[in-house]
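All remarks here apply to the structure that follows.
The values are calculated or read from the model by the stated rules, or taken from the named source; none is laboratory data. Note that the structure is a prediction, hence the values are computed from the model and not measured. Here Cβ is always computed from backbone atoms with ideal geometry, including for glycine, and neighbour counts include all displayed protein chains. Heads up: the accessible areas ignore ligands, DNA and RNA and are worked out on the full protein's heavy atoms, side chains in. Shrake-Rupley method; radii C 1.70, N 1.55, O 1.52, S 1.80 Å.
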Amino acid sequence: MKANRVPRRINIHLWIKAGIFFALGFIIIGFTYSLYHNGEEMAYVQQHSPLIKVPIVDRRKGAGTVKVPNKILVSYLGKTYCLSSSNRHFRQIARQDSIDINYDAERDIAVLSVGQVGVPYPVMAMFLFAGLLIIGNVIYKLWEGGEGW
């Protein structure tokens with residue numbers, strides 16, 4: 001004689017929420033990797049590419065921060081490149097009509113030759129930790145059966 005089994009109900013809302021947060025965790029980790037890759041590429045161009053003197057097309061004053069930087073538009077070989085600059089460098093080149101840049105022809109990237117381009121490791125570690133924390137929390141909640149969601 002078989003015991004009457006109660007069919008287990010699939011909680012679709014739990015799985016949708018878990019999928020959204022799982023995807024969010026992977027998106028944050030992907031953003032962290034792109035931030036690392038971009039910083040490494042800029043640093044490589046600055047260290048291994050030749051210096052080229054190019055004319056300044058336009059200057060756009062920003063706040064001088066990472067979020068709203070000062071922008072310098074330069075023209076080289078018929079293309080316009082937008083370079084971010086700090087307040088100090090922006091003021092130093094205020095009266096110049098041309099600046100030195102590092103240009104990589106293979107990648108078609110232009111980087112200012114002043115200052116060192118670095119990878120923001122503390123910010124990347126924070127984003128990576130947040131992404132892993134979100135993914136770990138989703139796995140833990142699913143393991144516990146969705147309690148507390």
* To do: Assess whether ARG95 counts as being in a loop (DSSP other than H, G, I, E, B) and not hydroxyl-bearing (Ser, Thr, Tyr).
  => yes
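For every residue, the table says whether it meets (1) over 27 Å from ILE20 (Cβ atoms); (2) open to solvent by less than 40 Å² (accessible area, probe 1.4 Å); (3) at pLDDT 85 or above.
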residue	(1), (2), (3)
GLY39	yes, yes, no
PRO50	yes, no, yes
ILE56	yes, yes, yes
ILE93	yes, yes, no
GLY136	no, yes, yes
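Go through region 12-34 and report how many residues are open to solvent by less than 50 Å² (accessible area, probe 1.4 Å) and modelled with pLDDT under 85.
Residues that pass the stated criteria total 1.
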* To do: Give the residues of region 71-89 that are in contact (Cβ under 8 Å) with a residue 24 or more places away in the chain and among the aliphatic types (A, V, I, L, M), sorted by residue number.
  => ILE72, VAL74, LEU83
* Taking region 113-134 as the search range and keeping residues that are over 12 Å from ASN38 (Cβ atoms), in a loop (DSSP other than H, G, I, E, B) and open to solvent by less than 70 Å² (accessible area, probe 1.4 Å), which one is modelled with the highest pLDDT? -> SER113
* Per-region count, region 72-92, residues of a type in the set (Ser, Thr, Tyr) and in a loop (DSSP other than H, G, I, E, B) -> 1
